Amino acid sequence: MTTVIRGQGTSEEVRQKLADEGKPVLLAFSCGKDSIATWLALEDAGVEVVPCYMYCVPGLKFVENDLAYFEEKFGQKIHRYPHPSLYRWINNAVYQPPERLQVIEAARMPDPTYAQLWDLIREDLGLPKDTWCADGVRAADSIQRRGAFVRYGYWRKNKKKVSPIGDWLKGETLDRIKEAGIDLPIDYKWFGRSFDGIDKRFTEVIRREAPEDYERIISWFPLAEGDLVR
């Protein structure tokens with residue numbers, strides 16, 4: 001059973017249109033349940049999926065284990081790129097000690113938006129500039145998201161973004177994943193969701209469950225340890 005988005009049709013029609021275009025579709029893959037279900041739904045429709053993962057901290061072992069599992073399950077490479085938040089956190093000296101500030105200021109790293117980064121990804125992968133980027137956003141997630149779907153629909157043409165399972169409910173999402181014989185990543189056991197930050201919600205668990213990964217986070221963001229003390 002799916003949710004009804006007033007005046008916008010169904011996500012099945014969206015996936016069929018993508019299939020009819022016969023072009024690859026980028027997938028913003030987070031290892032979360034919605035992005036997993038989106039990948040499956042697009043494959044069901046016969047759409048060629050090009051999955052990309054944006055990392056918040058480079059080289060975390062548990063993240064690489066997640067990605068390796070999904071690469072094996074889907075039989076496909078997942079491309080890795082830095083998340084815009086990584087640039088933003090460094091440029092704004094998030095959890096950085098005073099002795100690093102001069103270096104950060106001198107480096108003047110770029111601060112790309114999501115749209116800019118996806119354009120760079122298209123270029124890196126040799127895909128046309130008009131290649132759609134799919135996400136796992138669903139109207140049932142919140143009132144705000146439902147309102148956005150009612151107003152804008154499944155397609156955000158100016159950003160070349162599309163939501164191929166926008167009308168799916170949580171149950172339908174989990175059922176499709178279970179049907180495919182795919183397990184949710186360790187993130188759900190540890191955090192109750194996919195990993196996407198460096199605050200206490202995540203670091204407290206990582207320090208206990210994956211000490212090496214915790215030390216790697218601290219090497220990039222030394223003062224994140226203070227979040228646990230506070």
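Residues to consider are 197, 192, 166; find the one that is under 21 Å from the mean Cα position of the chain (by Cα) and at positive phi.
Details: 197 fails: at positive phi; 166 fails: at positive phi.
Exactly one of 197, 192, 166 is under 21 Å from the mean Cα position of the chain (by Cα) and at positive phi, namely 192.
Scan the range 58-69 and give yes if some residue there is hydrophobic (A, V, I, L, M, F, W, C), open to solvent by 30 Å² or more (accessible area, probe 1.4 Å), free of Cβ contacts under 8 Å to residues at least 24 places away in the same chain and not in a loop (DSSP other than H, G, I, E, B), otherwise no.
Looking only at the range 58-69, we keep the residues that are hydrophobic (A, V, I, L, M, F, W, C), and these are 60, 62-63, 67-68.
Within this subset, residues satisfying the condition of being open to solvent by 30 Å² or more (accessible area, probe 1.4 Å) are 68.
Add one more test, that the residue is free of Cβ contacts under 8 Å to residues at least 24 places away in the same chain, and what stays is 68.
If we keep only those that are not in a loop (DSSP other than H, G, I, E, B) too, we end up with 68.
Yes: one or more hits.
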Problem set entry | Close pairs (8 angstrom Cβ cut-off, 6 or more residues apart or separate chains): over 12 Å from residue 30 (Cβ atoms) in the range 181-195, assigned to a loop (DSSP other than H, G, I, E, B) and open to solvent by 50 Å² or more (accessible area, probe 1.4 Å) anywhere | none
Exercise. Is at least one residue of the range 10-25 open to solvent by 10 Å² or more (accessible area, probe 1.4 Å), farther than 20 Å from residue 131 by Cα and in contact with a Phe, Trp or Tyr (Cβ under 7 Å, 6 or more places away or on another chain)?
Worked result: no
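Go through 86, 101 for me and flag whichever is among the aliphatic types (A, V, I, L, M), modelled with pLDDT of 95 or more and within 18 Å of the chain's Cα centre (by Cα). Break it down stepwise before answering.
On the way: 101 fails: within 18 Å of the chain's Cα centre (by Cα).
Result of the check over 86, 101: 86.
Give me a count of the residues in the range 112-129 that are open to solvent by less than 80 Å² (accessible area, probe 1.4 Å) and within 21 Å of residue 18 (Cα to Cα). Don't jump to the end; show me each part of the working.
Quick first cut of the range 112-129, residues open to solvent by less than 80 Å² (accessible area, probe 1.4 Å) only: 112-113, 115, 117-118, 121-122, 125-128.
In the following step, the residues that additionally are within 21 Å of residue 18 (Cα to Cα) were identified as 115, 118, 121-122, 125-128.
Total meeting the criteria: 8.
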Problem set entry | Search result, residues across the range 26-39 that are open to solvent by less than 10 Å² (accessible area, probe 1.4 Å) and either out of contact with any Phe, Trp or Tyr (no Cβ under 9 Å at 6 or more places or on another chain) or not small (Gly, Ala, Ser) (or both) | 26, 27, 29, 31, 36, 38, 39
Exercise. Is at least one residue of the range 162-174 touching a strand residue (DSSP E or B) at 6+ places or on another chain (Cβ under 8 Å), closer than 23 Å to residue 45 by Cβ and among the hydroxyl-bearing types (Ser, Thr, Tyr)?
Worked result: yes
Problem set entry | Any helices (runs of 4 or more DSSP H) falling wholly within the range 147-230 and containing at least 3 residues that are at pLDDT 95 or above and either within 26 Å of residue 116 (Cα to Cα) or open to solvent by 50 Å² or more (accessible area, probe 1.4 Å) (or both) | 170-179, 186-190, 200-209, 211-220
Exercise. So which residues in the range 83-93 are surrounded by 15 or more Cβ atoms within 10 Å (Cβ to Cβ) and of a type outside the set (Phe, Trp, Tyr)?
Worked result: 83, 84, 85, 86, 90, 91, 93
Exercise. Residues in the range 166-190 that are touching a Ser or Thr at 6+ places or on another chain (Cβ under 6 Å) and among the charged types (D, E, K, R): how many?
Worked result: 2
Exercise. Are any of the residues in the range 45-63 under 29 Å from residue 222 (Cβ atoms), basic (Lys, Arg) and out of contact with any Phe, Trp or Tyr (no Cβ under 9 Å at 6 or more places or on another chain)?
Worked result: yes
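The values are calculated or read from the model by the stated rules, or taken from the named source; none is laboratory data. This is a predicted model, so every value here is computed, not measured. Please note: Cβ atoms are built from the backbone with ideal geometry, for glycine as well, and neighbour counts cover all protein chains shown. SASA here: full protein model, heavy atoms, side chains in, ligands and nucleic acids out. Shrake-Rupley method; radii C 1.70, N 1.55, O 1.52, S 1.80 Å.
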